[in-house]
Structure formats: C-alpha cells, structure tokens
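K.L.:
Before anything else, here's the structure in question.
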Amino acid sequence: MKVTQHIENAQGKSLFSFEILPPLKGQNIQSIFDSIDPLMEFKPPFIDVTYHREEYEFKELENGLLEKKVVKKRPGTVGICAAIQNKYSVDAIPHILCGGFTKEDTENFLIDIDFLGIQNVVALRGDAIKSEIYFRPEKEGHQYASELVTQIDNLNKGIYLDPELQNSAQTDFCIGVAGYPEKHMEAPSPDSDIYFLKQKIKNGAEYIITQMFFDNKKFFDFVAKCRAEGITVPIIPGLKPIVTKKQLNLIPHRFKVDLPDDLIMSIVKAKDNDAVREIGIEWCIQQSRELLAAGIPVVHYYSMGKAANIKAIAKEVF
C-alpha cells in the first residue's frame, strides 16, 4: 500500500514509522530483524531502508603507489526491503539516490523493486562521497533529486529510457522526497530551498519526510511556508533522540541543524551518557507529543539500528 493510502486510511490518527540502515557487509540479516522486532508492537505501516553509496579507499601497494578501490560497506537495501515485506507484511520503502547511479542503473533498480511488489520509494540526491567536498553526479546520472523524481514519475506513465519500447508497463510508485525545516546545507536561503522542494512536488513527489530537528517551532514554520507556497502533500516529521555527549557536536556538524539551548545545557551538565540518553529520550517524547497534538499524520524516527531508544519513546507516545 502507498504511504498516502496509509495516511488516508488512518482517518486522522497519527501513525508510527521508522528508518533503518543496512548492516555492515559481513553481518547477516538477523541484525535487521533484531532492530525491527521490538518496534512491531507499535504497528508501523511502513519502514524505510536507507541506501548507502560507494566509498573510495586507497591502499598502498608494494611499489609505493596507491591503488584506488571502490567499496560498498552497507549493501543490501533491496534484499532487506523484500525480507521485511515477506516477514512482517508491512510496506518497506527503499531510498534511491542520484549519487552512484546512472539513469540506466536507476531504471533497473526501479524495475527490480516493482517486480518485488514495492510501491513506495524515497528519492534523494544523496551526499558527496567522503573523499569529495562537493556532490558530483555520475556521467549519465542525475544531478538533482527533482530529476530523479521525474524519471520515477515517467516510469509511472510507462515512459522508459528506450524510446523504442512498445506497450511498456506502467509502474505505480508513491514517491517521497526530503524536506529541510532548517534548509538544506547547500541551499542559498530558506525560500530558495522551498522553491526547489516545490519543484520536486511538481515533478511527481507525493509526500515529504523531513530532516531531523529538535525544535518543533522550526518544523511548524516550515510546514506553514510550504502551505503558503501551495505545497499540499503530507509532510512527515523526522525525529532522532540524542543519546551521547558526542552527538552534541556531531549532529550539528553532520546534518547542519541547530539544537535548543535548554537541550544543550542539560546534556552538558549530564554526568554520563546514561544520563544523556534519558535526557534525549525525554526531549524526543515531548517533541512527539506536541506533534501528535497538532494532528501530524505520521511521526517518523531515525533509529540507526538502536531499537531500544525508539521503543522507549514510542511506548510513551503511541
């Protein structure tokens, strides 16, 4: 079932969902099941599975030269989605990136997940690989998420890359895209960020999932700006609890989001990470309750494989 259908069928009741990431290469899928099982009591209608693009490693050879090697440390997104739908009978939503994909790769990826009965996809540009400062698309790939959305929407219309295909089947993907309550780190301004988000909606996206945030006012302001610009699709807030002192600096640096001063000082004064975890979970509980009171259709949690943290929040909220 599509995300938009899940929201419609809920008839105003707020839903619970979460995101997982594939395990490191060499681990088996049981680690994924172990991170999902504790959260199934909250009846998630769908689970997002991230896609991790390639990385470059340089190894020194015996002659002193460096060899460039392409590695994928977290493969398995499509297989995990198939396993989730088979084991739990809930919709699995793979992320698909511009980075690391040619248009042909993208089409084949979409054909695979369509054959598996996957009806939803989140279309993202993706970040630059770690060895590069700026994002660089593949030679025959997409530079922007809006272009990726267009390709997916074209498949929904039966338009494939090969113009000579006859009687081509139409897919039926519900397309999600990312939104940034504090703007994308590369956007020149918040208004321009909304402008580009609106383009993704025009190109066929049907719902928005936001980057994490820790101040609900920023989310509500973001939603108001979207609505004022004519964006009417569901906007799903993404939340993540802070559970270690290290994250106090890591999250703003990595995701370019601000933290409220009250939360910062509480964490700074915490005696250890056990205390930080309690503070972060309680903060996320209060965020969740305020969002639910406002009638948000879905609250989406970035679990990062830490089911215990999300369970501690969900049992107080759902």
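K.L.:
Does Lys311 qualify as being touching a residue at least 24 places away in the same chain (Cβ under 8 Å), within 26 Å of Met185 (Cα to Cα), open to solvent by 60 Å² or more (accessible area, probe 1.4 Å) and out of contact with any strand residue (DSSP E or B) (no Cβ under 7 Å at 6 or more places or on another chain)? Let's see the steps before the verdict.
P.N.:
Details: touching a residue at least 24 places away in the same chain (Cβ under 8 Å): yes; within 26 Å of Met185 (Cα to Cα): no; open to solvent by 60 Å² or more (accessible area, probe 1.4 Å): yes; out of contact with any strand residue (DSSP E or B) (no Cβ under 7 Å at 6 or more places or on another chain): yes.
Answer is no for this residue.
K.L.:
I've got another one for you. Kindly indicate whether Ile264 is modelled with pLDDT of 95 or more and closer than 22 Å to Glu290 by Cβ. If you could, list the steps in order and put the result at the bottom.
P.N.:
Details: modelled with pLDDT of 95 or more: yes; closer than 22 Å to Glu290 by Cβ: yes.
Yes, satisfied.
K.L.:
Does Asp191 satisfy the condition of being under 26 Å from Phe219 (Cβ atoms) and charged (D, E, K, R)? Write out each step before concluding.
P.N.:
On the way: under 26 Å from Phe219 (Cβ atoms): yes; charged (D, E, K, R): yes.
Taking the combined requirement at face value, the residue satisfies it.
K.L.:
Suppose we filter Leu248, Leu263 for residues that are more than 28 Å from Val149 (Cα to Cα), in contact (Cβ under 8 Å) with a residue 40 or more places away in the chain and open to solvent by less than 80 Å² (accessible area, probe 1.4 Å); which single one remains?
P.N.:
Values: Leu248 fails: in contact (Cβ under 8 Å) with a residue 40 or more places away in the chain.
After ruling out the rest, the residue left standing is Leu263.
K.L.:
Also, quick follow-up: Is region 218-230 home to any residue that is open to solvent by 10 Å² or more (accessible area, probe 1.4 Å) and part of a loop (DSSP other than H, G, I, E, B)?
P.N.:
Yes, that holds for at least one residue.
K.L.:
Picking from His95, His52, which residue would you name as being closer than 30 Å to Ser146 by Cβ, touching a Leu at 6+ places or on another chain (Cβ under 9 Å) and in a loop (DSSP other than H, G, I, E, B)?
P.N.:
On the way: His95 fails: in a loop (DSSP other than H, G, I, E, B).
When all the criteria are applied, what remains is His52.
K.L.:
If you don't mind, another one. Of the residues Gly238, Gly295, which is among the small types (Gly, Ala, Ser), farther than 30 Å from Gln151 by Cβ and outside any helix (DSSP H, G or I)? Before you say what the answer is, go through the steps one by one.
P.N.:
Working: Gly238 fails: farther than 30 Å from Gln151 by Cβ.
Step by step, each of Gly238, Gly295 is checked, and only Gly295 is among the small types (Gly, Ala, Ser), farther than 30 Å from Gln151 by Cβ and outside any helix (DSSP H, G or I).
K.L.:
Kindly indicate whether Arg74 is within 17 Å of the chain's Cα centre (by Cα), within 22 Å of Glu186 (Cβ to Cβ) and basic (Lys, Arg). Show your work before the answer.
P.N.:
Values: within 17 Å of the chain's Cα centre (by Cα): yes; within 22 Å of Glu186 (Cβ to Cβ): no; basic (Lys, Arg): yes.
Spelling it out, it is not the case that Arg74 is within 17 Å of the chain's Cα centre (by Cα), within 22 Å of Glu186 (Cβ to Cβ) and basic (Lys, Arg).
K.L.:
Return only the number of the condition from (1) open to solvent by 40 Å² or more (accessible area, probe 1.4 Å); (2) in contact with a Lys or Arg (Cβ under 9 Å, 6 or more places away or on another chain); (3) small (Gly, Ala, Ser) that Ala169 does not satisfy.
P.N.:
(2)
K.L.:
Return the residues of region 172-196 that are part of a loop (DSSP other than H, G, I, E, B) and either open to solvent by 10 Å² or more (accessible area, probe 1.4 Å) or farther than 19 Å from Asn120 by Cβ (or both); say none if nothing qualifies.
P.N.:
Of all residues in region 172-196, those part of a loop (DSSP other than H, G, I, E, B) come to 172-173, 180-189.
Correct list: Asp172, Tyr180, Pro181, Glu182, Lys183, His184, Met185, Glu186, Ala187, Pro188, Ser189.
K.L.:
Which condition from (1) touching a residue at least 40 places away in the same chain (Cβ under 8 Å); (2) open to solvent by 60 Å² or more (accessible area, probe 1.4 Å); (3) under 24 Å from Tyr301 (Cβ atoms) is the one that Gln199 breaks?
P.N.:
(3)
K.L.:
A further question follows. Is it fair to say Lys200 is under 20 Å from the mean Cα position of the chain (by Cα), among the basic types (Lys, Arg) and either within 30 Å of Lys271 (Cα to Cα) or not in a strand (DSSP E or B) (or both)?
P.N.:
Numbers: under 20 Å from the mean Cα position of the chain (by Cα): yes; among the basic types (Lys, Arg): yes; either within 30 Å of Lys271 (Cα to Cα) or not in a strand (DSSP E or B) (or both): yes.
Yes; evaluated as a whole, the condition is true for this residue.
K.L.:
Against the condition surrounded by 19 or more Cβ atoms within 10 Å (Cβ to Cβ), touching a residue at least 24 places away in the same chain (Cβ under 8 Å) and of a type in the set (D, E, K, R), how does Arg277 come out, does it pass? Steps first, answer last, please.
P.N.:
Working: surrounded by 19 or more Cβ atoms within 10 Å (Cβ to Cβ): yes; touching a residue at least 24 places away in the same chain (Cβ under 8 Å): yes; of a type in the set (D, E, K, R): yes.
The answer is yes for Arg277.
K.L.:
On to the next question. Can you name the residue in region 67-120 that is more than 18 Å from Asn154 (Cα to Cα) and in contact with a Cys (Cβ under 6 Å, 6 or more places away or on another chain) and is also surrounded by the most Cβ atoms within 10 Å (Cβ to Cβ) among such residues?
P.N.:
Checking each candidate, the answer is Ala92.
K.L.:
State yes or no: is Pro22 touching a residue at least 12 places away in the same chain (Cβ under 8 Å), in contact with a Lys or Arg (Cβ under 8 Å, 6 or more places away or on another chain) and either in a helix (DSSP H, G or I) or open to solvent by less than 50 Å² (accessible area, probe 1.4 Å) (or both)? Walk me through how you get there before you give the answer.
P.N.:
On the way: touching a residue at least 12 places away in the same chain (Cβ under 8 Å): yes; in contact with a Lys or Arg (Cβ under 8 Å, 6 or more places away or on another chain): yes; either in a helix (DSSP H, G or I) or open to solvent by less than 50 Å² (accessible area, probe 1.4 Å) (or both): yes.
Yes: the conditions hold for Pro22.
K.L.:
Kindly check whether there is at least one residue in region 149-164 that is among the small types (Gly, Ala, Ser), closer than 28 Å to His253 by Cα and open to solvent by less than 70 Å² (accessible area, probe 1.4 Å). Please lay out each step first, then the result.
P.N.:
Just the residues of region 149-164 that are among the small types (Gly, Ala, Ser), to begin with: 158.
Checking the rest, the ones that are also closer than 28 Å to His253 by Cα come to none.
Looking for residues that are among the small types (Gly, Ala, Ser), closer than 28 Å to His253 by Cα and open to solvent by less than 70 Å² (accessible area, probe 1.4 Å), one finds none in region 149-164, hence no.
The values are calculated or read from the model by the stated rules, or taken from the named source; none is laboratory data. Note that the coordinates shown come from a computational prediction; the quantities given were computed from them, not determined experimentally. Every residue, glycine among them, receives a Cβ derived from its backbone with ideal geometry; neighbour counts consider all protein chains shown. The accessibility values were calculated without ligands, DNA or RNA, using every heavy atom of the protein model including side chains. Shrake-Rupley method; radii C 1.70, N 1.55, O 1.52, S 1.80 Å.
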